[in-house]
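Below is one structure, written out as structure tokens, with a few remarks after it.
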Amino acid sequence: MSDDPWREKLSDAEYKVLRQGATERPYTGEYWDIKDTGVYFCRACGAELFRSETKFDSRCGWPSFYQPAEGSNVTYIRDESLGMQRIEVRCGTCDSHLGHVFEGEGFDTPTDLRYCINSISMRFEQTGDAGSEA
């Protein structure tokens, strides 16, 4: 898809993060602290990205997950911007920027990974009772 349809489909803030790789400020996104059971989809194209069962509180101010959904629609790009070495996470369907994945931070999760994802990159659909996420 060329740039024009994305500009029409997304708000300015969504476009800046999803298509230009910006980052929302910590503790400002709509999903950083929700505990509901459900599925997180790409806000741009609707591809399934993460499930609430893998969401955890990393106290970083962004939604954090320890793994993508099964049959994941995420891809990875080495990001050496800002004088750091990071791994960018993108939607595998529409190539939108989602956030970054970090390894070796010592969280008590089944993997050694923290997917730090912008809330504005996702849309959440509740599948169970509110507040039932562990």
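Here are a few things to note about the model shown:
- Multiplying the residue separation of Ala22 and Asp79 by 0.36 nm and subtracting their alpha-carbon distance yields 19.2 nm.
- Projected label distance in nm at Ser11 and Glu30, using a 7 Å step from Cα toward the beta-carbon: 0.7 nm
- Pair-distance distribution P(r) for the chain, from all Cα-Cα distances in 5 Å bins starting at 0: 2, 11, 21, 25, 22, 13, 5, 2, 0 percent.
- Of Gly38, Ser52, Ile87, farthest towards positive along the dipole that unit charges on Lys, Arg, Asp, Glu beta carbons give region 1-93: Ile87
Each reported figure results from applying straightforward, stated rules to the coordinates on display, with no laboratory input. In this text, all values refer to a predicted model and were calculated from it rather than measured experimentally. Here Cβ is always computed from backbone atoms with ideal geometry, including for glycine, and neighbour counts include all displayed protein chains.
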